Structure formats: C-alpha cells, structure tokens
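Any read-out appearing in this document is the output of simple, stated calculations on the displayed coordinates, not a laboratory observation. Computed from a predicted structure; not experimentally measured. Virtual Cβ from ideal backbone geometry, glycine too; neighbours counted across all protein chains shown.
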C-alpha cells in the first residue's frame, strides 16, 4: 500500500473519531434514556463544546470526499509523487490540528488550519492535472 493510501485510511479514522466525539458529549447532555429512545421530543439545548465538535465534524465531511477522490484518482492514474505525498500529509495534519482548535474556539488559527488542509488537497489536484 502506498503512503498516500495509508494517509487516506488515517483520514478516515479521524472521521470516525470526529463522529464519536460530539456523540459522546451529546450523550452526557441528554442521558442514555433519551439517546436510546425515539427522540420524539427535543432534548436539552446543545452545549457549546458539543456544538463546536459537531460543526468541526460537518466541516471535515465537506472536504473528506474530495480528498478521498483525489487520492484515489492519483493512485489509479499513477500520478503519485512528491506533490501528492506532501498534499496528503498537509491535509491530514491540518485536519487533526483543526479539531482541538475548533473545540477551544480559537478562530484565526482554526481558519489557518483549514486553509492548510485545502492547500494539501490542491497539491494533490495539481499532481493530477499537470501535464506529464
């Protein structure tokens, strides 16, 4: 398996963690009985940290399909190299850093982490689109 595919697998692991984090915090807010029931009535208001974790998860889910498609396309097209490797590392590292920054409410650094992740994705696309 290539390093890029391994980094894609780690990005998918990050997605699982980001699905579980807000669910765990929401469970603390609502209790087991509410979460195992039909949830016909609205639960208590969502807490600040739960909301931030949920929004961070939603943000990852916006870019993860693009990242996965780009990595898989580069792999299938035989376009893996220095650009795709750097792009994958930038995307994954920035997405990991993004979670605690968002959870802590650190605005500008969080946006910078998002921008770095998008730069990583752009590098992979450049590797795909550049002439041979």
Length gained if residue 28 through residue 82 is fully extended, taking 0.36 nm per residue and subtracting the Cα-Cα distance, is 15.0 nm
With Cα atoms, 0 to 90° folded angle of helix 48-76 axis to the chain main axis: 30
What spacing in nm lies between the two simple spin-label points modelled at residue 75 and residue 104, each 7 Å away from Cα in the Cβ direction? 3.3
Full-extension gain in nm, residue 36 to residue 132, via 0.36 nm per residue minus C-alpha separation: 29.1 nm
Inter-part distance where region 1-15 and region 52-123 are each reduced to a Cα centre, Å: 12
Tell me the angle of helix 82-104 to the major Cα principal axis of the chain, expressed in degrees between 0 and 90 and rounded to the nearest ten. 20
